[in-house]
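For reference, the structure is listed below as structure tokens.
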Amino acid sequence: MATIKDVAAAAGVSISTVSRALNGATGVSPEYVVRVKAVADRLNYSPNSLGRNLRQQRQPVWTLIVTDIENPFLTSVARGVEDAAHASGYSVLLCNSDGEVDREARYLEIAAQNRVAGVLVTPASQHSDVSRLLELGIPVVALDRPLAGASGTDTVLVDTRSAACKAVASLIAAGRKTIGCITGPRDTFTAEERVAGYRDGLAQGGYAIDPSLIRYADFRVAGGHWAAEELLAKNVDALLVASNQMTIGAIQVIRQSGRVLGRDVYIALFDDAPWVELFRDTLTLVSQPAYELGHAAGRLILDRLAHGRRASQTVTLAASISVMPSPS
């Protein structure tokens, strides 16, 4: 790992010049600033904001980056991570990327600069770049969504494809004839997995797959609202909804249309949330083991810290399904 002394020697300047050039201090010629930054980039040197004496040490902190902290599923994931960290003497810094790749990248860079002990991330993209962290020897675990081509990372997933298939089977068993699907953004792993499970369930039930009954939304209330409006206009009598927040939007539309949830329109949704208990008799719930997912990810970080380099591991957990009572 390059030090400030290495950068100074390669750039042919003093250590103090390197420090001032990288920290934007005045009194350094533009020529030296350009030279120092070029050498720092070439040597992969990153100054530690917590001070020179800590540069060679990992901080007893994990960085957890999630796509939406308002999502109760991710709140439970965070609790699982925090409990695993706390039990082993680590603290957790929670960051919300809001699903934005650039915002996520800034948090990843801050984690690298501060030499945290580990990073756990629900990737905003399958192609999120964690190479800098891996070069520094910082363990990385992808939560809920895998990272493509990121050798050296571990992954914890939930088998939502099978769960979606079973949820659709329950809707078919309840006599539903026209089943729509509201999922997340295209090319998002969890969104595509749930669509695949939806298609599996229809095919296994002998139903034709109609692409016009699939809507890709944004995992938020507004997305569920507009998607449900469009699908109810096609007279669907059931919906598979890929998140609890989109389900709120769908329920709003069902009520506004004068239809009755659990009679005119059935919903099978992903992810438990406190409000779901109010609709327990009218919803089919796919419960993901959110806390367990976070805790398993924490254990993978601890294993990396204890044993260093090893082959990447993927842990896949199962979801459970609670089927609403059939109407009398």
- Task: May I ask you to evaluate 6.51 cos²θ - 1.76 cosθ + 1.60, the Karplus curve with θ = phi - 60°, for each residue of segment 313-319 and list the ³J(HN,Hα) values in order in whole Hz, giving x for glycine and proline?
- Result: 10, 10, 9, 10, 9, 9, 9
- Query: Using Cα pairs under 8 angstrom and six or more residues apart, how large is the relative contact order of segment 176-228, in percent?
  - Reply: 44 percent
- Message: Can you compute the FRET efficiency between Leu278 and Asn44 using 1/(1 + (r/R0)^6), with r the Cβ-Cβ distance and R0 = 45 Å? Round to the nearest 0.05.
- Response: 0.30
- What is the gain in length, in nm to one decimal, between Val34 and Arg132 on full extension, counting 0.36 nm per residue of separation less the C-alpha to C-alpha distance? 33.1 nm
- Query: Out of Gln256, Gln245, Gln313, any idea which swings most in a Gaussian network model of the chain, alpha carbons joined below 10 Å?
  - Reply: Gln256
- Task: Give me the number: length gained by fully extending Asp83 to Val101, i.e. 0.36 nm times residue separation minus the C-alpha to C-alpha distance, one decimal in nm.
- Result: 3.8 nm
- Inter-probe distance in nm under a simple model that places probes 7 Å from Cα toward Cβ, at Val323 and Asp264: 2.5 nm
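Is it possible to state the helix-based mean residue ellipticity at 222 nm for the chain, with each DSSP H run of 4+ residues giving -39500 (n - 2.57), the sum divided by total residues, to the nearest 500 deg cm²/dmol? What is it?
Values: 11 runs with 136 residues, N = 328.
Counting only the DSSP helices, I get -13000 deg cm²/dmol.
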- Item | Relative contact order computed over the chain (Cα-Cα under 8 Å; 6+ residues apart), in percent | 17 percent
- Message: Under 27 Å between alpha carbons, and skipping anything fewer than 8 positions from Lys166 in its own chain: which lysines qualify?
- Response: Lys177, Lys234
- In nm, the gap between the two label points placed 7 Å beyond Cα toward Cβ at Thr3 and Glu109 is 2.6 nm
- Query: For the modelled label position 7 Å from the Cα of Thr316 along Cα-to-Cβ, which residues of segment 72-93 have backbone nitrogen atoms closer than 19 Å?
  - Reply: none
- Query: Which label marks the calculated value of P(r) over Cα pairs in 10 Å bins from 0, in percent, given the options (i) 6, 24, 26, 19, 13, 8, 4, 1, 0; (ii) 5, 20, 27, 22, 15, 9, 2, 0; (iii) 6, 24, 32, 26, 10, 2, 0?
  - Reply: (i)
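By per-residue mean of other Cβ atoms within 10 Å, what is the highest-first order of 9-21, 119-131? If you can, show how the numbers build up before the last one.
Numbers: 9-21: 17.3, 119-131: 20.8.
Put in order of decreasing packing, that is 119-131, 9-21.
Could you sort the peptides 201-211, 72-82, 147-157 by per-residue average Cβ neighbour count (10 Å cutoff), highest mean leading? Please list the in-between numbers first.
On the way: 201-211: 14.1, 72-82: 21.3, 147-157: 18.9.
Going from most to least packed, we get 72-82, 147-157, 201-211.
Values in this text are rule-based calculations from the coordinates and carry no lab data. Computed from a prediction, not measured in an experiment: that's the story for all the values here. Every residue, glycine as well, gets a Cβ built from its backbone with ideal geometry; the counts of neighbours run over all protein chains shown.
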